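**Q** Following this message is one structure expressed as structure tokens.
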Amino acid sequence: MIGVKKNIIVVAAGPFQFAMINPVITRKSGAFETEEGCLSLDGVRSCTRYEEIEVDHCNGIVI
């Protein structure tokens, strides 16, 4: 949305917070169907999510 091709996520895991830049899901298990909404789009949509994922990422930064 800002003209920069980066995927960035901030994760809070217990007492730790860290940023992942360009994360890639390398393993997933426990698939389930759910519905999600988005502030940018009207309505809700069906999607598949997972109970557990494993992620590789570049430039992990602990906050």
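The values are calculated or read from the model by the stated rules, or taken from the named source; none is laboratory data. Nothing here was measured: the structure is a model prediction, and the numbers come from that model. Reconstructed Cβ throughout: ideal geometry from the backbone, glycine too, with neighbour counts over all protein chains shown.
**Q** Is it the case that Ile61 is surrounded by 10 or more Cβ atoms within 10 Å (Cβ to Cβ), at pLDDT 85 or above and in a strand (DSSP E or B)?
**A** Answer is no for this residue.
**Q** Identify all residues within segment 40-58 that are more than 16 Å from the chain's Cα centre (by Cα) and not polar (S, T, N, Q); write none if there are none.
**A** Leu41, Asp42, Gly43, Val44, Arg45
**Q** Take the conditions at pLDDT below 85 and aliphatic (A, V, I, L, M) and apply them to Ile25. Does it pass?
**A** Spelling it out, it is not the case that Ile25 is at pLDDT below 85 and aliphatic (A, V, I, L, M).
**Q** Within segment 1-20, track down each residue that is touching a residue at least 40 places away in the same chain (Cβ under 8 Å) and β-branched (Val, Ile, Thr).
**A** Result: Val10, single match.
**Q** Name the residues in segment 18-37 that are under 14 Å from the mean Cα position of the chain (by Cα) and more than 13 Å from Val55 (Cβ to Cβ), would you?
**A** Glu36
**Q** Moving on to the next point. Which one is surrounded by the fewest Cβ atoms within 10 Å (Cβ to Cβ), of the residues in segment 18-42 that are more than 18 Å from Cys58 (Cβ to Cβ) and of a type in the set (S, T, N, Q)?
**A** Selected residue: Ser40.
**Q** Still on this model: Quick one: how many residues across segment 1-18 are closer than 25 Å to Leu41 by Cβ and small (Gly, Ala, Ser)?
**A** Number of matching residues: 1.
**Q** Another one. State all residues of segment 1-52 that are of a type in the set (Asp, Glu) and outside any strand (DSSP E or B); if no residue qualifies, say none.
**A** Hits for segment 1-52: nothing passes.
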